[in-house]
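So the structure is just underneath, and the comments pick up after that.
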Amino acid sequence: MLFMASVTFYGFWRWDFVPVMLFSAMVDYFVSLAMQKKQEHRKILLSISLLTNLGLLFYFKYLLFFVENSWSVLNYFGFSQSPPVLNIILPLGISFYTFQTISYSIDVYRRQTQAISDFVLYGCYVMFFPQLVAGPILRAGEVIPQLQERPQFCSENIAVGMKRILVGLFLKVVLADNIAPLVDEGFSIEATQLSAIDVWTLAFLFGFQIYFDFSAYSHIALGSARLMGIVFPENFRFPYSATSPKDFWSRWHISLSSWIRDYLYLPLMGARVASSGTQGGLEKVVDGTASLPLGKQTKKMNQLSPSNAQRTKALFLTWAIMGFWHGANWTFVLWGVYHAACIFGYRCLRPFVKEMPSTWRQVLGWFITLPVMMLGWIPFRAIDLQQAFIMLRKIFYPQAYFSLGMRENTYLVALVLLAAVVGTECIDRQIYQPSKKIPSLCFILETALLTVVTVLVFVFLRPITQFIYFQF
Amino acid sequence: MNKILNIFGPLFFSVTFSLLVMAGIARQPKIKFSEVALGAQNTSRFAVRDGTLIHIQKRKDFPELISGVKSRNLGNTILWLGNSQLHAINNAHVNDETAVAKVHDFLLGEFDTVATSYPNANLQEHLVTLAYLHNKLNNIKVLIVPLVFDDLRETGIRDDIQPLLENPSVAEQLKTLQCCENLVRGVFSDLDPHSSGVVKQEIETRETLQDKTEKFLDQILERNSIIWASREKARGLFFLQLYRLRNTVFAITPQTKRAVIKPRYKANIEAFKGILELANRDAIQVVSYIAPLRTDVKPPYDLAAYTSFKNEVRILCSQFPNVSFFDFERIVPAEYWGLKNTTSLNTAQEIDFMHFMEPGHQKLANAIVEVFRSMNLENVR
């Protein structure tokens, strides 16, 4: 029933793309079974899986980009033909379900998980509707055992699930959707006319929009799964409270960054992964400790510890690919490289940072990390590289700080949101979490909070915009 | 039982309280938010002649305006574009009418005067409206364009009139304008996924089953639940209170100086050039004027920027042979301006810089008629 529900859910968007998803799932299903049976052909079988999934991704997501860029190069050399008109629609969630099926095949290849013979169970893992179109990207080892157990009805799960769905809806329809017009307007202004303050404001505003939008989806996905008794790993943990790039990447889109760590970064460095999971994000990668093996293989793997140059190369390559995963545009690659540079810078400064007193490290770290991370959203949201570079250049010109190019409300909203985001984490840590020890206080606080959330969700719920991550 | 209450209590009570709040909002009388923004002392008047509107604000009224012009069949149409100054009367009496109605009646034998006015209308919206009505009416001979400095802080095409851009003739007219290519590209970028770049990923525009289901459910709920139907009112109230709170916290009053927002200013000046080019191309006579402003108190403008703006549009107008430019800033005396309810959380009244009383409308109408007399109407026809 869950399998059929998931297929129907996807079909609500477009039925004609259901076979694409089923094809991707089936290839990995059969490949994994074959890998388990014929150990000697594992490499070839894994190549089939990778070629199929990456091929699908290339055709649907990157072919137009490839053609456009090829034509630009050909035009440069005097070839003046018009490019072919390609009519390719990006299937919803393709980046997520292909990554999920790839991870399954690789886990079977690495013998970290057993291939499943029950196709319906496997299909439920790949197409589980709460997370099908925008993650979190799950690992077979985390979900399949829960699905196998067939969780029983539990009132606590229902209540927790409903609360998470409500919070997700609040983040999406009340916050993200109301920030969107301000961001859209700002980025539609000719970049040369924007001031440095405008660029900072837009960076922060888009940073908030994408955080609310994407974490909203994650809340709804986690909540929906919880209603059915399935527990997903958290995908966000107050990322804008991070005190270093390392900290940020252990709080932001954790399931993707963990995936990238286990299936891209570590293999690129030549390290073997003893176990994998949707935990920790890229924390260890930033530390440079990810090259150290996990578990019993420590000694053996230490001998394989990569050089600094190798680690840096892997870092930049991983982040460029991670950027490209988000979309077929050079702006995303720039976003990835920007983060790689931030992490590289942090690695270099780390010995000095370690010497600082803890409080200073936290406060100063937050003051530096937040704007640096926010600025990274400029290339992510920019229409093209030119716009991204013009905007980023502005912040280095002192004279660009003396004018405003947007309505006063835009700056005000950015400031209020900044205060709210910082305040929410403090309230959560200082008031809400301690209040759980006093049931009556917790009851009152939750009721008050949920009333505000419910009223606003009810008032603002409109089918007007999709989630940003649906396009990736 | 206690456990169930602990688990579901917050959810149950929050949903109950929310429904009570929404029921309270639903019971409140209908609020016209465009009127709230005007203030209680101002009344919107849209003149009707021969049973049809000659002055409109909403897209839904365009067919009525167009059919009215066609049925009167006077041959020569004056199109007056404006903001709320054109449709609001401060301290209005029952039979008071706006300058549009007065000019319409005065010139009736020779011209059919019609108007569109939107609150805080910007010149980009005027450009789109002109392109649309020019095609629909075919006989616009004179175009009146007031220039309100404050409205150059606005940008974009409001949702209500955005569908006008989907009209092929509007797109055709706007895309052939040479003076404001960037602006027009920006205006259409949302509508046309292939407008820039060599090959673009196909954007899904077909209505999916999900869209249809959501719309269907929304309509059912809208029809059958007064609480669901009152959500728009609740949204309006929410933003109104936020607006009032902002004005109170930052002590924003009508006299607070408004800074020029350069990108918006530039976009509107480009749009104004577009209006003049479009009119010039089809030999439409243009009367453009600096809108009346209350001058007995300090205006909410930076005077240097305001003077520079007036000079800029004056020079621009002089570059087109079919354009006459007038400065009507001082034509409405101080006694014809009024006050309006405050836009903050206190109860005081504030100076209204935008809307005047009926005698003010008479002054504006007289000034326009005087312009027409001086223009030699025979030439226009």
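Every read-out reported here was derived from the displayed coordinates using simple, explicitly stated rules and does not represent laboratory data. Being a predicted model, the structure only gives us computed values, none of them experimental. Counting neighbours? That spans all protein chains shown, and the Cβs are built from the backbone with ideal geometry, glycine included.
Couple of notes before you dig in:
- Rounded, prolate or oblate (a/c below 1.5 giving rounded, otherwise prolate when a/b exceeds b/c) for region A:305-357 by Cα gyration tensor: oblate
- Estimated at 0.36 nm per residue, the fully extended path between B:GLN28 and B:GLN255 surpasses their Cα-Cα distance by 78.5 nm.
- From most to least packed by mean Cβ count within 10 Å, the peptides B:321-334, A:226-239, B:211-224 give A:226-239, B:321-334, B:211-224.
- Taking the helices alone, chain B has a mean residue ellipticity at 222 nm of -15000 deg cm²/dmol, built from -39,500 (n - 2.57) per DSSP H run of at least 4 residues and averaged over all its residues.
- Computed FRET value (nearest 0.05) for A:GLN81 with A:LEU412, which takes r as the C-beta separation and R₀ as 56 Å: 0.65
- Centre-to-centre separation between the Cα atoms of region B:135-175 and those of region B:75-130: 15 Å.
- Positive-end residue, the protein assembly as shown charge dipole about Cα centroid, Cβ charges, pick of B:TYR243, A:THR101, A:PHE129: A:THR101
- Above-threshold pairs, the threshold being 21 Å between Cα atoms, out of B:LYS32/B:LYS340; A:LYS61/B:LYS175; B:LYS141/B:LYS273; A:LYS61/A:LYS172; A:LYS354/A:LYS394; B:LYS298/B:LYS340: A:LYS61/B:LYS175; A:LYS61/A:LYS172; A:LYS354/A:LYS394
- When the charge dipole of chain A is built from unit charges on Cβ atoms (+1 for Lys and Arg, -1 for Asp and Glu) and taken about the Cα centre, the candidate among A:VAL372, A:SER117, A:VAL199 whose Cα reaches farthest toward its positive end is A:SER117.
- Shape category assigned to region A:2-149 from the gyration tensor of Cα positions, a/c cut at 1.5: oblate
- Cα shape, chain A, gyration tensor, a/c 1.5 rule: rounded
- Of the chymotrypsin sites (Phe, Trp or Tyr not before Pro) found in region A:31-98, the ones in coil according to DSSP and having at most 16 other Cβ atoms within 10 Å of their Cβ are A:PHE77, A:PHE79.
- Counting Cβ atoms of other protein chains within 10 Å of each residue's Cβ and taking the mean over peptide B:307-319 gives 0.
- Net dipole in debye of chain A [+1 Lys, Arg Cβ; -1 Asp, Glu Cβ; about Cα centre; nearest 20]: 1520
- Positive dipole terminus of chain B, leading residue within B:VAL69, B:SER117, B:GLY274 (C-beta point charges): B:SER117
- Among the residues of A:83-91, the average count of other protein chain beta-carbon atoms within 10 Å of the residue beta-carbon is 3.
- Length gained on full extension, B:THR295 to B:ASN139: 52.4 nm, using 0.36 nm per residue less the C-alpha separation.
- Calculated FRET value between A:SER47 and A:LEU74, using beta carbons and R₀ = 35 Å, to 0.05: 0.70
- Ranked by the mean number of other Cβ atoms within 10 Å of their residues, highest first, the peptides B:6-14, B:148-156 fall in the order B:148-156, B:6-14.
- The alpha carbon centroids of region B:302-355 and region A:94-156 are separated by 65 Å.
- Whole-Hz couplings from phi, Karplus 6.51/-1.76/1.60, listed for region A:139-147; x for Gly and Pro: 9, 4, x, 8, 9, 4, x, 5, 5
- Distance (nanometres) between label positions extended 7 Å along Cα→Cβ at B:ASP302 and B:LYS212: 5.4
- Dipole magnitude for region B:204-336: about 440 debye, using +1 per Lys or Arg Cβ and -1 per Asp or Glu Cβ, origin at the Cα centre.
- Contour minus Cα-Cα distance for A:GLN146 and A:THR192 (0.36 nm per residue): 11.2 nm
- Pairs spanning more than 26 Å between alpha-carbon atoms, out of B:LYS70/B:LYS233; A:LYS436/B:LYS3; B:LYS30/B:LYS60: B:LYS70/B:LYS233.
- Among beta bridges identified by DSSP and lying wholly in the protein assembly as shown, the antiparallel ones come to about 25 percent.
- Region A:3-68 and region A:413-467: distance between their alpha carbon centers, rounded to Å: 39
- Across peptide A:449-461, the mean count of Cβ atoms from other chains lying within 10 Å of each residue's own Cβ comes to 6.
- 5 angstrom amide H check on A:ARG251, placed H, neighbours 5+ away: none
- Per-peptide packing, taken as the mean over residues of other Cβ atoms within 10 Å, places A:318-327, A:430-439, A:9-18 in the sequence A:318-327, A:9-18, A:430-439 from highest down.
- Note on the protein assembly as shown: Rg/Rh from C-alpha atoms, Kirkwood Rh, equals 1.01.
- Extent along the principal axes, Cα only, for chain B: 88, 57, 45 Å, with the longest axis given first.
- Local charge for A:TRP335 was computed over the other residues whose Cβ lies under 15 Å away, with Lys and Arg +1 and Asp and Glu -1, and equals 0.
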